[in-house]
1. Within segment 90-109, how many residues are among the charged types (D, E, K, R) and more than 22 Å from the chain's Cα centre (by Cα)?
2. Return the residue satisfying two criteria in turn: it lies in segment 65-89 and is closer than 23 Å to L25 by Cβ and of a type in the set (S, T, N, Q), and of such residues it is nearest to the chain's Cα centre (by Cα).
3. If a residue counts only when it is closer than 30 Å to M235 by Cβ, which strands (runs of 3 or more DSSP E) contained entirely in segment 154-209 have at least 1 such residues?
4. Name the pairs whose Cβ atoms lie under 8 Å apart, with the first residue in segment 131-152 and assigned to a strand (DSSP E or B), the second of a type in the set (D, E, K, R) and modelled with pLDDT under 95, and 6 or more positions between them or separate chains?
5. Go through segment 97-121 and count every residue that is among the basic types (K, R) and modelled with pLDDT under 90.
6. Mind telling me which of the residues L155, L189, L144, L132 ends up being modelled with pLDDT under 95 and either farther than 28 Å from R10 by Cβ or outside the structural domain of E307 (by TED's automatic domain parsing) (or both)?
7. Inside segment 111-150, can you point out the residues that are surrounded by 15 or more Cβ atoms within 10 Å (Cβ to Cβ) and on the phi > 0 side of the Ramachandran plot?
8. Whether any residue in segment 248-268 is in a strand (DSSP E or B) and of a type in the set (V, I, T) is what I want to check.
Amino acid sequence: MKLTRAYKFRIYPDATRQAEIDERLVLAQQFYNRILEKSIASYRNGKAKVSMAQFNKFVKEIIQEDKRYLKLYSQTRCEIEYRLMKAYQNFFRRLKEGSKKAGFPRFRSRDRYKSITYPQDNGSFSIRRGRLRVSRIGTMPIDLHRKIEGTIKTLAIKSEGENYYAVFTTINDIKVPEVKDTNPVGIDLGLDSFVAMSDGKKIEKPKFVKKSEKHIARWQRIVARRKKGSNRREMEKEMLSKKGEHTTNQSDDFAHKLSGKLVNSGYTSFAVEDLHIQNMVKNHRLAQSIHNASWNRFINMLSYKAESAGMKVIKVDARNTSKECSNCGNIRDVLLSERAYICNRCGMQLDRDINASINILKRATLGQRGSHAQGEMASAIQQESKSRIGEPRTDKTHPLRDAVIA
C-alpha cells in the first residue's frame with residue numbers, strides 16, 4: 001500500500017537566505033495575482049475560457065513584461081498556475097452545486113500567501129549533514145527531529161510569523177496489518193464533549209481558544225490602532241500571528257495525541273459522522289465554536305493513523321443522529337440545551353452524545369453479528385447513565401482523556 005505523508009521541520013535561514021525566501025514569497029503572490037488579473041480581463045473580452053493553455057500564454061506575457069519573475073524556480077511557477085486552476089475548478093463546482101456563495105478566486109494579499117512549492121525532487125532541493133539546500137535560495141540549517149521515511153516527492157517552504165518551515169511530502173510503501181473488525185466504536189464529535197463514544201466514554205477538549213482570546217483581542221486592538229504600512233504595525237502583526245499560531249499548535253497537538261491514543265486503545269474500526277462544516281457554520285451563534293473545534297482536522301488525523309494500522313474510519317449520514325433513539329428508533333426533536341435524550345416512546349434515558357454515538361455505530365455496522373449495531377451496549381450504558389441524568393457533573397476526570405492531555 002502506498003501511503004502519503006507530510007513531514008514538517010523548522011529551518012533557520014540567515015539574514016541573506018531569509019531575504020531570498022521573503023522576496024520569492026512576494027514574487028509568488030504577485031505572480032498569482034497577475035495571472036488572475038489577465039484571466040479576468042480575457043474572460044471579459046469574450047476570449048477563451050479558463051484553461052492551463054491560457055495560463056501558460058499569460059505566464060509568457062508576464063515574464064516578458066517583468067523579468068523579476070524568472071527568480072522563481074520554473075516548476076514553482078507551474079505550481080502557482082495549478083493553485084489558481086484549482087481555485088477556478090472549486091468555483092465552478094460550487095456554481096454547479098447551486099451554492100449561494102460560490103467563492104470566485106480572489107486576489108491574494110501578502111498576508112495570505114505564505115508558501116512556495118517545489119513539486120519535484122529533481123535536484124531543486126536536497127538535505128546533507130543537517131542542512132537544506134534549495135535552488136536559487138541557498139543552504140540553511142534544518143532541525144530534522146525525526147527520520148523521513150519513504151520517497152520525498154515535494155518540498156514547500158512556509159513562513160509562519162517569524163519562523164520558517166520546510167514541509168516534505170513523501171510516498172512510502174508499507175505493509176498494512178490485517179485487523180479483524182471485532183471491536184468497532186462509534187464517535188460523536190461535539191462542542192460540550194469533544195468526543196463521545198458508543199462504549200460510554202467521553203473526552204473533553206481543553207478550551208485553548210477561549211483561554212487565549214483575551215490576549216488575541218488585545219493584540220488585535222493594538223494592530224488596529226497602528227498606521228497601515230508602518231514598521232510598528234508589522235511588528236505587532238507578527239506578535240498577533242504568534243498568539244494565533246500557539247493556539248493552533250495546542251489544538252493540533254491535542255488532536256494528534258487523541259487520535260493516536262484511540263488507534264492504540266484496542267478498537268478495530270471507527271464510525272464518524274460525515275460532517276458538512278460549511279452548512280453547520282450558518283448558525284452564527286455556534287460558528288466560531290465549530291471552527292475552533294477543528295472536527296475535520298481530527299477526523300483526517302484519525303483516518304490516516306487508522307489506515308496505517310489496518311483499520312477503517314467509516315463516515316455515515318449525520319442526519320438525526322442526535323434525534324433518534326438508539327433503543328427503538330423513535331425520532332424526536334432535542335433542544336441544544338438538553339444534555340439527556342429521553343425517549344417518549346420506550347422511556348430510554350441516556351446522555352445525548354452517547355446516544356448519538358451509538359446511532360452512528362449502528363449505521364456503520366448494521367447487521368454485523370456481535371457488533372454494537374444491535375444495541376446491546378445501549379441498555380448497559382442506559383443503566384449506568386440513569387443515575388446521572390439531571391445531576392450536576394462533579395467528576396470530570398477520565399483515564400483516557402488524562403493520558404491524552406498529559
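1. Going residue by residue through segment 90-109, those that are among the charged types (D, E, K, R) are 93-94, 96-97, 100-101, 106, 108.
After this cut, where a residue has to be more than 22 Å from the chain's Cα centre (by Cα) as well, the list is 96-97, 100.
Adding up the residues that qualify gives 3.
2. The initial filter retains those residues of segment 65-89 that are closer than 23 Å to L25 by Cβ, namely 65-88.
Subsequent filtering for residues that are of a type in the set (S, T, N, Q) retains 74-76.
Values: S74: 29, Q75: 26, T76: 24 Å.
Looking at residues that are closer than 23 Å to L25 by Cβ and of a type in the set (S, T, N, Q), I get T76.
3. Details: elements: 163-173, 184-189, 195-197.
Of the strands (runs of 3 or more DSSP E) lying wholly inside segment 154-209, those with at least 1 residues that are closer than 30 Å to M235 by Cβ span 163-173.
4. As it stands, the answer is T151/D121; I152/D121, since those pairs meet every condition given.
5. We begin by selecting, within segment 97-121, every residue among the basic types (K, R); these are 100-101, 106, 108, 110, 112, 114.
After this cut, where a residue has to be modelled with pLDDT under 90 as well, the list is 100-101, 110, 112.
Number of matching residues: 4.
6. On the way: L155 fails: modelled with pLDDT under 95; L144 fails: modelled with pLDDT under 95; L132 fails: modelled with pLDDT under 95.
From the options L155, L189, L144, L132, the qualifying one is L189.
7. Correct list: G138, G150.
8. No, segment 248-268 contains no residue that is in a strand (DSSP E or B) and of a type in the set (V, I, T).
The values are calculated or read from the model by the stated rules, or taken from the named source; none is laboratory data. Keep in mind that this is a model prediction, so the values were computed, not measured. Cβ: placed from backbone, ideal geometry, glycine included. Neighbour counts: every protein chain shown.
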